[in-house]
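The structure under discussion appears below in the form of structure tokens.
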Amino acid sequence: MTHQELREKFFAFYTSHNHVVIGQAPLVPLQDTSVLFTTAGMHPLIPYLLGEQHPDGTRLVNVQRSLRTTDIEEVGDDTHGTFFEMLGHWSLGDYWKREAITWSFQFVTKVLGFEPDQLAATIFAGDESKGVGLDTEAEAIWRELGMARIAPLGDDNWWGPVHSTGPCGPTTEIFVHVPPTACDDACLPGSVTDKHWVEIWNNVFMGFHKTASGSFEPLVQKNIDTGVGLERVLMTVNGLDSMYDTDLYQPVVAAISTSPLASADRSVRIIADHVRSSVFLIADGVLPSNKDRGYVLRRLIRRAVQASRTFESLSWETVIEAVIGVYAEVYPHLLESPVFEVFLAEQRQFSTQLTKATTFVTKELAKHSTLTPELATDLAFLAYQSHALPFELGFEVLQEHGLKLDREQFVLEMERRDAEHKKISASGQEKKFGGHGLLLDTGELKAGNEEELQQVLRLHTATHLLQAAMRSVLGSHVAQRGSDITPERLRFDFVHAEKVTDEQRSQIEAWVNDIIARDLPVQFVELPLEEAERSGALHFFGHKYPSKVKVYFVGTTLDTAVSKEFCGGPHVDRTGVIGRVRILKEQSVSAGVRRIKAVVEPA
């Protein structure tokens, strides 16, 4: 069975039970800014699980692309990956346990063709602290269907909430025994005597709400939230040894290595998984950086590069093409995104860094006949500072040289040193710039005197105009990735994969200076967050804003403004007082991110 056939069969089955196929959310959550990524199909549906009416009704089905890095160290085994697709169906206050369990059993046995004696189910064993007992209702339904193996489990069979509070509840799961060898009724999921059970289905009975006090109250609207791992189902239904043998991975594996045993090679698996995840992250707007989502992407690309060190002729372009080739029909947006440019720029940069870093560590290690854990950590931190060798990779490089270190203690020590170093650096920076600077997302202004204040205001408004100009000249993909203003100059980091040409620089300057010459008013309005977003005002996606925000705009009205952004201010009153903007320098900061430095001069 191919991945496309599995999707079609799942949708056909549940639409025959009056479910409506709905679209899926991107990997970067649009509404829930408290999480970095969409990690489950329920994330985009939380408002509806809490009672809001969904426009498509109370029975829904879809497939959701998801990403989790909690098991990143497990990537390389048969069943763990960072990017995955989750087939799901939901009941929003409609049907309950009997329908959910019965339909899942019918799909697994009738549509997928598994024999009942190859299956096992788990149910919630109960938890006194939650005030919830053994799920005897689910157990009775499974017994009626003829399920012989039923294992009561604890925390493994309780789902949610996603945050500290919210909808949650007990689950029942379906496991397949792989390979389908003899297994008596005592052979159950969760048993230490048998590790051949693979979970393929999870029905969540979302009947509780965890409160801020930690108690669990019954939900007024009881929901079904079902997750079915696409990769794991493909693996088991096709009788394969691992998900890397499925049609989702085989073209990618072949692009990495032609060895007959390639799909069993841990390094090949890490490369395949991490490139796949990176392609989808970049396509959903994530760029490599040193924080939050960008750091996750950077880490994935760099782990893939490190895993590739033993492959002499690996073509990253071919691997990326293989990923896109597998998914282009389902996810056509992959074809329209700068995946190649962003990934390859980061890969090239890190390959160079990695070579320098490993050479440095190797030379330093050779200088010491005895190497203590403390000295090893010193070397790794020096390689991090000098050559940007990530903590995790520093640990692995040291391990490759025979050092026995505790991973968790090593990373904690490196993080402690890094935090200490940044604190010292921040203190030095404050002295260097005399306390000047504008924090654009809060509007907090630091200036030594009134003259500096007015200069910084001119530069602040000029920064807004620069972003509007670049979006006009370079394209609407341009988005802010950082900004810093002193009384002397502005610095603006932005998303763009290519060098800005001299002609484009001239066009950007001309656009800004034309707006300045028109002496347009600079105003602001305070709006509810959703209304501000609908206005088209630029803002940081994923940033957690208050319920009411300020929108600064340049022009006579918000609708006709040439520039509008979420901003705390302050700004000049009219563009005419800015002077003339001149771009001093344009350069690369990181893969897919450029930097402009500019000044304002008397007109």
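A few points about this structure:
- Nearest-ten-degree value, helix 339-366 long axis tilted from longest Cα axis of the chain: 90 degrees
- Taking label positions 7 Å along the Cα-Cβ direction at both S16 and F340, the computed distance is 4.3 nm, reported to one decimal.
- Distribution of pairwise C-alpha distances over the chain, 10 Å bins, in %: 3, 14, 21, 23, 20, 13, 5, 1, 0
- Under 5 Å between amide hydrogens, built in the peptide plane, is the criterion, and for T39 it picks out L67 among residues at least 5 positions away or on other chains.
- Only aspartates and glutamates eight or more places from K367 in sequence, or on another chain, were considered; those with a Cα closer than 19 Å are D378, E400.
- Two-decimal Rg/Rh across region 256-303, once Rg and the Kirkwood Rh are taken from alpha-carbon atoms: 1.09
- If you wrap region 450-535 in the convex hull of its Cα atoms and look at it from every side, the mean projected area works out to 7.1 nm².
- Values of log10 I(q)/I(0), in the order q = 0.23, 0.27 Å⁻¹, for region 1-76 under a Debye, Cα-only, solvent-free model: -1.12, -1.24
- Across all directions, the average projected area of the convex hull around the alpha carbons of region 202-319 is 11.0 nm².
- What the Cβ-Cβ distance of R143 and S215 gives, at R0 = 30 Å and to the nearest 0.05, is a FRET efficiency of 0.45.
- Paramagnetic label reach from E601 (point 7 Å along Cα→Cβ; backbone nitrogen cut-off under 14 Å): within region 568-582, residues 579-582.
- Stretching the chain fully between S259 and Q385 yields a gain of 41.6 nm (0.36 nm per residue, less the alpha carbon separation).
- Length gained on full extension, S588 to T501: 30.1 nm, using 0.36 nm per residue less the C-alpha separation.
- Karplus (6.51, -1.76, 1.60) ³J(HN,Hα), θ = phi - 60°, over region 409-417, in Hz, Gly and Pro reported as x: 5, 4, 5, 4, 5, 5, 5, 4, 5
- Expressed as a whole percent, the proportion of Cα-Cα pairs in region 512-603 lying more than 17 Å apart is 59%.
- Average Cα contact separation per residue, the chain, under 8 Å, 6 or more apart, as relative contact order %: 10 percent
- Between helix 292-307 and the chain: long-axis angle, C-alpha atoms, 0 to 90°, nearest 10: 70 degrees
- Amide H within-cut-off set for A151, under 5 Å, with H built and near neighbours excluded: A121, T122, I123
- Calculated from backbone phi, Karplus (6.51, -1.76, 1.60) coupling profile of region 137-152 in Hz, x at Gly/Pro: 5, 5, 4, 5, 5, 4, 5, 4, 7, x, 6, 7, 9, 10, 10, x
- Cα gyration tensor of region 439-601 - equivalent ellipsoid semi-axes, whole Å, descending: 22, 19, 16
- Value of relative contact order over region 469-556, rounded to a whole percent, pairs C-alpha under 8 Å and six or more apart: 25 percent
- Relative to the current alpha-carbon distance between R489 and S129, full extension at 0.36 nm per residue lengthens the span by 123.8 nm.
- Considering every alpha-carbon pair of region 257-337, the percent of pairs per 10 Å bin, from zero through the bin containing the longest distance, is 18, 48, 30, 4.
- Per residue, the convex hull spanned by the Cα atoms of region 345-432 measures out at 112 cubic angstrom.
- Under Karplus coefficients 6.51, -1.76 and 1.60, residue-wise ³J(HN,Hα) of region 221-234 in Hz, glycine/proline x: 9, 8, 10, 10, 10, 10, x, 10, x, 4, 5, 5, 5, 4
- Calculated on alpha-carbon atoms, Rg and Dmax of region 1-141 in Å: 16.8, 44
- Efficiency of FRET from Cβ geometry, K367 and F311, R₀ 25 Å, rounded to 0.05: 0.25
- A simple spin-label model places pseudo-atoms 7 Å from Cα toward Cβ; at E374 and R574 they are separated by 6.7 nm.
- Applying 1/(1 + (r/R0)^6) with R0 = 25 Å to the Cβ-Cβ distance of S535 and S472 gives a FRET efficiency near 0.85.
- Helix 502-517 vs. the chain, principal-axis angle (Cα, 0 to 90°, nearest 10): 70 degrees
- Global size of region 3-245: 17.2, 48 Å for Rg and Dmax (C-alpha atoms, Rg to one decimal, Dmax whole).
Here, each number is a calculation from the coordinates, and none is a lab measurement. Keep in mind the model is a prediction, meaning the values are calculated, not measured. A quick note on method: Cβ atoms are made from the backbone with ideal geometry, for glycine too, and the neighbour counts reach across all protein chains shown.
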